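First up is the structure itself, then whatever we jot down about it.
The values are calculated or read from the model by the stated rules, or taken from the named source; none is laboratory data. Source: prediction; values computed, not measured. Don't worry about glycine lacking a Cβ; one is built from the backbone with ideal geometry, like all the others, and counts go over all protein chains shown.
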Number of protein chains: 2
Amino acid sequence: MPRARSNSTAPTPSASSPDTVFEGAIRGMVGYNLKRAYIVLHAAARAAAEDFGLRVPTFSCLSVIVRNPGITPSALAEHLKIERPNLVVIVDELETRELIRRTQMKTDRRRYELTVTVRGRRLHDQAAEAIRDAEAQCLQGLGAEDQARLIDLLNKIENAMTEAPVSAAEHTGPPPP
Amino acid sequence: MPRARSNSTAPTPSASSPDTVFEGAIRGMVGYNLKRAYIVLHAAARAAAEDFGLRVPTFSCLSVIVRNPGITPSALAEHLKIERPNLVVIVDELETRELIRRTQMKTDRRRYELTVTVRGRRLHDQAAEAIRDAEAQCLQGLGAEDQARLIDLLNKIENAMTEAPVSAAEHTGPPPP
DNA sequence: AATAATTATTATGTCTCATAAATATATGCG
DNA sequence: CGCATATATTTATGAGACATAATAATTATT
């Protein structure tokens, strides 16, 4: 029987699947592995945050507000890459639970300043510790050095795109200055 | 004024937020960086797959079916960590588009064997190449060695959890054999 | 003063993932 | 055999995160 050209070096697929499953083209892709690892860490963070009545994006917002008192919803949304309409409901919930305050600016009454309350600050610190612990559980296999290197590699990916969206081939117009 | 205990070494938050935004407790967390990088790669993969009328999970399924002819929906779902009810709609779509065939097993008529069609195989190979190219665009900043190391680190995270769900502290009963 | 731009919001839709319940078939046991 | 139990698939449904269009309030610009 003529073998279809196989673009992989791994063992040839057998006629009917046995109990071991081979991975397709996906295992060699970084994005696939990224997602699998992300699922693990996200589930851990989610479970830890849940104990404080927070979801992960909500905690992220709280965390940035803690660190940037007086930040506006717009700036917060842009920084966390959240669409502003989606941020509204998060901020609403944080305010309702009295974890942050939302005060209208006097110089520009369209804008609001977000500041954390004492209660919010306390909850944040506790949640942050719990999430860090949960993460550490997942990262036992990695030494501190590995961990730092991983973060560095991830940041390279994140930043590469925001700086140079396309390169060399396949764009029509001349590059903007 | 008494400074609240700050659990970070970075610059102290200024009264009202300037144009630079500081990151909270989150930037030091692996999960956060993981997500940011994942968003970049996933968007690239998604855009590439879209040209072939595929979404990322659909492509992943197709890819595993290509590599494991005759695999059952259950095995496929378990392998990709997709819930079976969600896999149904994906398989439905793949079958409707005649990219795969779904044949009932004679020995056990509850089960189905999934096999790729010629058309599906062709589409898969083209899409895989496009997605790989799109990924490569995102990974220009990383050498081949960095890339391999990244995948290795990610796999460690993924596997650490499936092997040793909890460690040492905080579980009540004795470990199963 | 009139127009345009900005901030925040409301309404709405999509995508991914998760759970409960229903159906069809197979297996084990009296 | 007949009945309870288990498994594979499917249907229905909901939650969570993300995205876009339209609106309201305010400010900036002409």
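Observations, loosely collected:
- Within region A:67-97, the set of residues being over 19 Å from B:K35 (Cβ atoms), in a helix (DSSP H, G or I) and either touching a Lys or Arg at 6+ places or on another chain (Cβ under 6 Å) or not hydroxyl-bearing (S, T, Y) (or both) comprises A:P73, A:A75, A:R84, A:P85, A:V88, A:V89, A:V91, A:D92, A:E93, A:L94, A:E95.
- Taking each residue of region A:117-139 that is among the small types (G, A, S) and looking for partners that are part of a loop (DSSP other than H, G, I, E, B) with beta-carbon atoms closer than 6 Å, six or more apart or interchain, yields A:G120/A:L99; A:A127/A:F52; A:A127/A:L54; A:A128/B:A25.
- Test result for A:P57, within 11 Å of another protein chain (Cβ to nearest Cβ) and not in a helix (DSSP H, G or I): no
- Pairs, first within 9 Å of DNA strand D (Cβ to nearest atom) in region A:85-106, second among the β-branched types (V, I, T), C-beta under 7 Å, six or more apart: A:I90/A:T58
- Exclusive hit being within 22 Å of B:A37 (Cα to Cα), part of a helix (DSSP H, G or I), within 7 Å of chain A (Cβ to nearest Cβ) and not β-branched (V, I, T), set B:E129, B:E135: B:E135
- In region B:49-79, residue nearest to B:R101 (Cα to Cα) [restricted to those that are away from DNA strand C (no atom under 13 Å from the Cβ) and touching a residue at least 60 places away in the same chain (Cβ under 8 Å)]: B:L62
- Residue pairs whose Cβ atoms lie under 6 Å apart, separated by 6 or more positions or on different chains, with the first residue in region A:18-41 and more than 7 Å from chain B (Cβ to nearest Cβ) and β-branched (V, I, T) and the second part of a helix (DSSP H, G or I) and crowded, with 22+ Cβ neighbours inside 10 Å, do not occur.
- Scanning region B:34-76 for residues that are closer than 18 Å to B:E129 by Cα and in contact with a strand residue (DSSP E or B) (Cβ under 8 Å, 6 or more places away or on another chain) yields B:L62, B:V64, B:I65, B:V66.
- Residue within region B:107-120 that is modelled with pLDDT of 95 or more, within 8 Å of chain A (Cβ to nearest Cβ), within 23 Å of the chain's Cα centre (by Cα) and more than 16 Å from DNA strand D (Cβ to nearest atom) present: no
- Residue match in region A:86-98 (condition: more than 30 Å from B:L154 (Cβ to Cβ), touching a Cys at 6+ places or on another chain (Cβ under 8 Å) and more than 8 Å from chain B (Cβ to nearest Cβ)): yes
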